[in-house]
Amino acid sequence: MKQIHKILTVILLSLTCLNSLAAINIYQFDDPVKKERFYKLIDELRCTVCQNQTIAASNAGLAKDLRNKVYTMIQQGKTDEEIKTFMVERFTDFILYKPPVNNTTFLLWAGPVILMCIAFIFLLVNIRKRISNPAVEVDELEHERIQTLLAHEKENNND
Amino acid sequence: MKLRALLPLIGFLALVVLLAYGLTNDPKKIPSPLIGKAAPQFELPTVLRPGKKISNKDFQGKVALFNVWASWCGACRDEHPILVKYARQHKTTIYGLNYKDQRSEAIRWLKVFGNPYIASAYDVIGNTGIDWGVYGVPETFLVDKKGIIRFKQIGPITEKILYKEIHPLIQKLEKES
Amino acid sequence: MIPELGHFALILALCLAIAQAFFPLAGAQLNKTRWMAVAKPAARGQFIFLLISFVCLTTSFIQNDFSVIYVAKNSNSLLPIQYQISAVWGSHEGSLLLWALILGIWTLAVTLFSRHLPQAMVARVLGVMGLISIGFMLFMLFTSNPFDRLLPAAAEGRDLNPLLQDFGLIIHPPMLYMGYVGFSVAFSFAIAALLGGQLDSAWARWSRPWTTMAWCFLTVGIALGSWWAYYELGWGGWWFWDPVENASFMPWLIGTALMHSLAVTEKRGSFKSWTVMLAILAFSLSLLGTFLVRSGVVTSVHAFASDPTRGVFILAFLAVVIGGSLLLYAFKAGNIKSAGRFSLLSRETLLLTNNIILVVVCATVLLGTLYPLVLDAMGAGKISVGTPYFNFMFSILMLPLVFLLALGPLSRWKKQSLSGLFDSVKILFAVSILSGIASYFILGTISWPVAMVIALFTWIVGSSFLNLYKRVQNKPDKLAALSTVSLSFYGMFFAHIGVAVFMMGVTFTSHYSEEKDIRMKPGDTLDLAGYSFQFKGAKEVMGPNYRAQEGTIVISQGNQELTTLKPQKRLYLVQRSPMTEAAIDPSLSRDLFIAMGEPLGKGEWSIRIQYKPLIRWIWLGTLIMAFGGLLALSDKRYRTKRKNSETQVNPA
């Protein structure tokens, strides 16, 4: 019985998240800047109850509560940083879809560029080596064999 | 064979080790950032007596369990008898946080399934839940005498978790001044 | 009876796959012709039994046989028949059977279109594919059997998830799997070549059409998934960098690199070991994707009900297949000798740059997807890596590639002079910059990223036409000469233009979309992006297995009434889950997108209205890319006529 309860709760919760009610929010804004901030923020905060959705997209109860919280905080004059800090204090960095830039995430943010640089250096070195060393020519017999093979195909194609 | 040619294989094996770890790990479990910090402030009416208030100050001076529950929560039903039995057998203080529930339903639930709580805070909007970082029900916090959160259980408490982790920790905290 | 038949057919297919793997591979090693000859008949037999098995499962669905657990979990007698059929691949077990069947289809295709190949090579290719088939069928038979019975039978099924009750489910997974699984052919060719010690231009030419075909399917599959998410999920998004989406995108990136790399290996004999590595990598990523989707290691909205025990099996399979191939590569890569020198500026270098950028982007997607797991494993806390990260990284890394896209085809093999290149493109470059600047004035408000993208669009499309012109400029009758240009060239022509179109769609939608969430009561009008939207009210309608509130919104522009949209808020009767069915007015220049929110009482509703400019260009671009791929692989040189094709290079 217990297993079923657990499974049912999980299913129920996940169904609420992804029932594509499209989480249509009716929030009133007098200031378009505040409105833009709101929509940007709720698109960057993760719904901690759901599988992988922003609080903007999810229809889960907690997502709705968090949207309300963000709205309230914006109306109270809090900055984006303050709102994000508020969320992180309660739910850890997990709630930010844009990971913070710090020592633990250094590889994440710098990795791609470092990799790109290493790859290009490698490429340059490789090409230089090719130019300076005589090329390894394809074996004569090997070459002949390939030509025969391809010639066979050509016959068949009636090129 | 060139050592360089082995690099992809080595990289891949590291990936396999990572993924093997991943199989034992729950990617959605959020360890509480409040452990080691003071219990978040709140003041709410209780479920059974709306006129009476309960706040985080009530945690001062004693070791307490703070159990988040709701009548609509299936898994809460599984852990509830364990809590009821525990409350009866030991003298531990247990408070409840009734999360986003209907008062009448909550009262009925306690009548039917038992009430291990000294009092249950009625958090109908869920703001206190947010402050405590509640994201799934049931959850249980362990608060020490100084009002610092020392442990959080995500998901229902089982006998095993209770007696292997929670109970020894309660005993240890009781000894602290 | 029928489920048992299906189960038995699956077991038979497994036996044949074992024969298909063991005898040809051993036979090729030991030069036993009879053993090698087992490959084709075994492969064809395996396909037939897989087909029987699949048909049996489908029949169980159509007949509403709820004594089969899988059918009971995913179907319902009220479910319309097309969804009863597509429900076959709606969840874990059935989708695995689809995977196996599609692998069988590709295997069959290899047996039919490989008459011009040496027997040992065919034997090895089919043998490796057989090994993969064995893995999947063992996985099914031991952990994920779609034919497991439920006794006593359920009276009624739990119904297919309403989100999946849609045209998208019918075609998206099959297309996607055709792509994923299709890379197994290139993979098998690579392994076969490593085993046989022969890596030459012939191998590259043989692999190319298979790779391109798989790539086409994958392109279409991913595009379909994106389009489906857009109109089904109700909030107008089309890509979420969800781990499962990333899992399908990574093989696509490597597949694209592989196609370009194969071109160089075929034409110039260079990059051999690199191309082999890419071929191994592409399919490895397909397998990794399969693991990620089904193991529960990452959280995803797409994930099938995840089960760590199943995850262990797939991980072991992954370790064996990928680990084995990388080990083989480590041993044999040293023997691969690539021909050809080329200078720092040459088509070779530009194509290598293409490869590097694509591989780095793929590595970045992998990094972002798995980084939370890495930190978790090291005990360094929990983070999330989502759209902000991926969008940022992707745009930065792809920019140089998009720019160089124009220069590659215009460059010479082996050595291209910088001044020569500059001469060919200087006018085009100037025109592109001008178009970016001009767009500022034409569009009114513009941000520099948009202007840059417009310049790049001109750059790419212009260079494609420039290239085409160069091909015919020396011919007396230029127009007629267009038909002599190879399909392979036209393939590249369209594929690259497809990239430019895609890029425009993405940029314009991201920058110029407008949306409004608003409460409307009957008679209310909203003005957005130059259109007027008037809500006429909602009424109840019945569907085959749902009840819906259907809203009517009339859209006009100025005084002209354009169209009427009828979005629905549905309640599916079995699972009792509510769902929004958005209504869209599509066009090449913009989509108007309306979704119903909630009834607010007294006929008032919360409604989301969106204006999405050029959004169709996103999928149009991908379709053009896929079309280009199709043209490329239809090129004459890949076609073999049946009549004379029994020639074998090795004596029988």
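Readers should treat all values here as calculations from the given coordinates under stated rules, not as data from a laboratory. Because the structure is a prediction, the values reported are computed rather than measured. We place every Cβ from the backbone using ideal geometry, glycine too, and count neighbours over all the protein chains shown.
Values computed for the structure shown
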read-out: Principal-axis tilt of helix B:74-89 within chain B, Cα atoms, nearest 10 degrees; value: 60 degrees
read-out: Centre separation in Å (Cα based) which lies between segment B:116-158 and segment A:68-97; value: 21 Å
read-out: Chain B - Rg over Rh from alpha carbon coordinates, Kirkwood radius; value: 1.14
read-out: For segment C:550-614 versus segment A:36-64, the gap between their alpha-carbon centres in whole angstrom; value: 22 Å
read-out: Peptide B:25-35 - average C-beta neighbours from other chains (10 Å radius); value: 6
read-out: Segment B:21-40-segment C:361-393 distance, computed between alpha-carbon centres (Å); value: 18 Å
read-out: Other protein chain Cβ atoms within 10 Å, averaged over every residue that makes up A:46-56; value: 5
read-out: Relative contact order, percent, chain C [alpha-carbon distance under 8 Å, six or more residues apart]; value: 12 percent
read-out: Convex hull projection area averaged over all views, segment C:257-407, Cα basis, nm²; value: 11.2 nm²
read-out: Ranked packing of C:341-352, C:601-612, most packed first, by mean Cβ within 10 Å; value: C:341-352, C:601-612
read-out: Distance histogram for segment C:380-514 (every C-alpha pair counted, 10 angstrom bins, percent rounded to whole numbers); value: 10, 34, 31, 16, 6, 1, 0
read-out: Relative contact order computed over chain B (Cα-Cα under 8 Å; 6+ residues apart), in percent; value: 28 percent
read-out: Segment B:1-141 - charge dipole about Cα centre, Lys and Arg +1 at Cβ, Asp and Glu -1, debye rounded to 20; value: 220 debye
read-out: Stokes-Einstein D in µm²/s, Kirkwood radius over Cα pairs - the protein assembly as shown at 25 °C with 0.890 mPa s viscosity; value: 79 µm²/s
read-out: Peptides B:3-14, C:105-116, C:258-269 ordered by average Cβ neighbours within 10 Å, highest first; value: C:258-269, C:105-116, B:3-14
read-out: D_trans [Stokes-Einstein, Kirkwood Rh over alpha-carbon pairs] for chain C, 4 °C, 1.567 mPa s, µm² s⁻¹; value: 48 µm²/s
read-out: Mean residue ellipticity (222 nm) of chain B, computed from DSSP H runs ≥ 4 via -39,500 (n - 2.57), nearest 500; value: -11000 deg cm²/dmol
read-out: Packing rank of B:26-35, C:534-543, C:474-483, C:187-196, where each peptide gets the mean count of other beta carbons within 10 Å, highest leading; value: C:187-196, B:26-35, C:534-543, C:474-483
read-out: For segment C:156-275: rounded, prolate or oblate by the Cα gyration tensor [a/c cutoff 1.5]; value: prolate
